[in-house]
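The structure's right below; bear with me while I get my questions together.
The values are calculated or read from the model by the stated rules, or taken from the named source; none is laboratory data. All of these numbers come straight from a predicted model, not from anything done at the bench. Every residue, glycine as well, gets a Cβ built from its backbone with ideal geometry; the counts of neighbours run over all protein chains shown.
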Amino acid sequence: MTQGTLTLAVRQADNASILDVQGDITAGSEQTLMDAYTQAGSSASIILNFSGLEYMNSGGIGLLVTLLVRANRQKQKLLAYGLTEHYKQIFELTRLDEAITIHDSEAEAVAAAK
Amino acid sequence: MTDQEASKSRDEAFWAKPVSEFHVAHEVPTDAVNLNVEGRRVAAMAGGFGKMYQVTYRVRLDGTDATPQDVVGVWKANFASFWPKKNKFFGPATAITPGDVALLNVKTGGVKLSTGVLVLYADDESFSFMTPEGHMFNGMITFSAFSDQGVTVAQVQGLIRAQDPIYELGMTFGGKGAEDRMWLHVLQQLAEHFGVQARATVDRVVVDRKRQWEHWRNVKKNAAVRSGLHMAGAPIRAIRKPFTRKRAVA
């Protein structure tokens with residue numbers, strides 16, 4: 001599933017779906033991100049693995065907000081791990097970290113998703 | 001430069017540095033009201049009370065050779081000049097830069113609303129603002145330009161939610177129309193700068209119909225209410241001013 005420079009792979013871990021991000025997230029990534037979310041199905045939690053994130057602009061942050069709205073509507077938790085220090089700071093600046101919980105590792109995120 | 005180095009360079013150049021509070025770092029005119037900005041927290045991107053909308057305003061710059069980068073460059077350098085005269089944007093003298101905080105004094109419903117914005121992000125083709133707590137809405141507004149079938153299109157896009165029930169009511173009863181008029185004016189002025197007479201368009205999509213009632217207490221920081229009270233207190237402050245001075249001299 002690719003569009004622009006973003007690739008997203010979807011896999012399962014316990015009761016959560018993990019979306020492995022590879023590349024850039026920009027406003028042009030909407031279809032790729034939403035297709036991956038649809039593929040994740042009705043898991044109780046969606047975990048975004050940002051280890052492969054190369055770049056994100058403000059359009060990408062807007063997409064994450066839209067994804068969060070969709071997840072909230074389905075009563076799904078949205079979690080993240082693998083963010084660089086820079087993007088952790090952007091999540092804190094925008095206060096997205098209050099809605100998308102940030103974890104240091106996949107194991108920690110999967111445990112928090114239970 | 002490796003891809004990793006290029007990404008790091010973009011991160012440092014295009015994004016605002018972390019801040020916990022708004023702070024106006026540049027000189028502002030004496031008539032600018034800085035009432036609801038200094039020391040305010042950034043409004044949470046996913047917070048706010050009302051329905052969430054994605055509102056997109058666009059104008060096609062047919063007949064100009066200006067590239068999207070040209071348009072955004074001019075827009076960043078002259079942002080305030082495209083605003084309607086009754087509304088004021090007090091930004092730094094330089095072009096829009098990540099981390100800048102600008103004051104907004106906006107006339108709405110008989111009140112001179114004092115609020116502000118933080119430049120969250122700015123690159124060659126776009127720039128985005130976030131708002132402080134107490135502003136009309138939570139979320140982000142992005143100004144950009146892109147090429148569509150060889151024509152440069154300028155765009156304003158807001159992903160926004162009214163911060164509290166008072167603003168939600170205000171948006172329902174006239175606020176949306178005022179917001180539309182404001183950004184359509186800005187885009188048409190921008191088009192005129194490039195010698196293009198064009199009508200801008202608006203497209204409003206509801207992203208989330210649900211109201212976030214857990215945030216109704218945001219009314220406590222409502223900048224319109226505080227601005228209104230500030231205006232109402234102006235005569236009293238004017239009467240007290242000479243006496244206050246005398247005491248200071250004594």
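If I ask for residues that are more than 14 Å from chain B (Cβ to nearest Cβ), part of a helix (DSSP H, G or I) and in contact (Cβ under 8 Å) with a residue 12 or more places away in the chain, which ones from region A:38-80 would you list?
Residues satisfying the conditions are A:Q39, A:A40.
Let me ask you something else. Can you pull out the residues in region B:109-130 that are of a type in the set (S, T, N, Q) and at pLDDT below 95?
Of everything in region B:109-130, those that are of a type in the set (S, T, N, Q) and at pLDDT below 95 turn out to be B:S114, B:T115.
Filter region B:101-120 down to the residues that are of a type outside the set (A, V, I, L, M) and surrounded by fewer than 23 Cβ atoms within 10 Å (Cβ to Cβ) and list them by number.
First, the residues of region B:101-120 that are of a type outside the set (A, V, I, L, M): B:105, B:107-110, B:112, B:114-116.
Within region B:101-120, B:N105, B:K107, B:T108, B:G109, B:G110, B:K112 meet the criteria.
Given the conditions (1) modelled with pLDDT of 95 or more; (2) under 28 Å from B:Q155 (Cβ atoms); (3) among the hydroxyl-bearing types (S, T, Y), and given that A:Y55 satisfies all but one, which numbered condition is not satisfied?
Here A:Y55 clears every test but (1).
Here is a follow-up. Please indicate, with yes or no, whether at least one residue in region A:88-96 is on the phi > 0 side of the Ramachandran plot and either part of a loop (DSSP other than H, G, I, E, B) or hydroxyl-bearing (S, T, Y) (or both).
Within region A:88-96, one or more residues are on the phi > 0 side of the Ramachandran plot and either part of a loop (DSSP other than H, G, I, E, B) or hydroxyl-bearing (S, T, Y) (or both).
Here's a follow-up. Quick check, is B:L113 in contact with a helix residue (DSSP H, G or I) (Cβ under 6 Å, 6 or more places away or on another chain), closer than 28 Å to B:V19 by Cα, more than 14 Å from chain A (Cβ to nearest Cβ) and in a strand (DSSP E or B)?
Details: in contact with a helix residue (DSSP H, G or I) (Cβ under 6 Å, 6 or more places away or on another chain): yes; closer than 28 Å to B:V19 by Cα: yes; more than 14 Å from chain A (Cβ to nearest Cβ): yes; in a strand (DSSP E or B): yes.
Spelling it out, B:L113 is indeed in contact with a helix residue (DSSP H, G or I) (Cβ under 6 Å, 6 or more places away or on another chain), closer than 28 Å to B:V19 by Cα, more than 14 Å from chain A (Cβ to nearest Cβ) and in a strand (DSSP E or B).
Could you look through region B:1-19, keep only residues that are assigned to a loop (DSSP other than H, G, I, E, B) and modelled with pLDDT of 85 or more, and pick out the one that is nearest to the other protein chains (Cβ to nearest Cβ)?
Top of the filtered list is B:P18.
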